[in-house]
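*Asks:* Please see the structure below; I have some questions.
Taken together, the values in this text are just the output of simple stated rules run on the coordinates, not laboratory data. Keep in mind the model is a prediction, meaning the values are calculated, not measured. So basically every Cβ, Gly included, is an ideal-geometry build from the backbone, and we count neighbours across all protein chains shown.
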């Protein structure tokens, strides 16, 4: 003899205008939910996808100063300033610095 089916999914109220047998218009969403929960209970599926929270609720804050590329660029700029490679443009220095002497 089969065991009675029990589920924590609430059963919607029956339409009193329908006969007592199976509904002529089954609720597909309810059927899908019950099927998925039955599969989890039977061990066919490892978990119910409705019970899993989303991967991330909100985007994590991004600090660009923590980026290794940004830190490398800042390091190069600081070295160039310390060695006097970068000077403001003026009457005495009308052109930006070149790298011809380094190579």
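*Asks:* Compute the distance in nm between two label points, each set 7 Å from the Cα along the Cα-to-Cβ direction, one at residue 15 and one at residue 85.
*Replies:* 7.9
*Asks:* A follow-up question, please. Using the basic label-point model (7 angstrom from Cα toward the beta carbon), what is the residue 62 to residue 41 distance in nanometres?
*Replies:* Reported label-point gap for residue 62 and residue 41 is 4.6 nm.
*Asks:* Something else: Determine, for each peptide in 72-79, 36-43, the mean count of other beta carbons within 10 angstrom over its residues, then list the peptides with the highest first.
*Replies:* Values: 72-79: 10.8, 36-43: 12.8.
Top to bottom by mean Cβ count within 10 Å: 36-43, 72-79.
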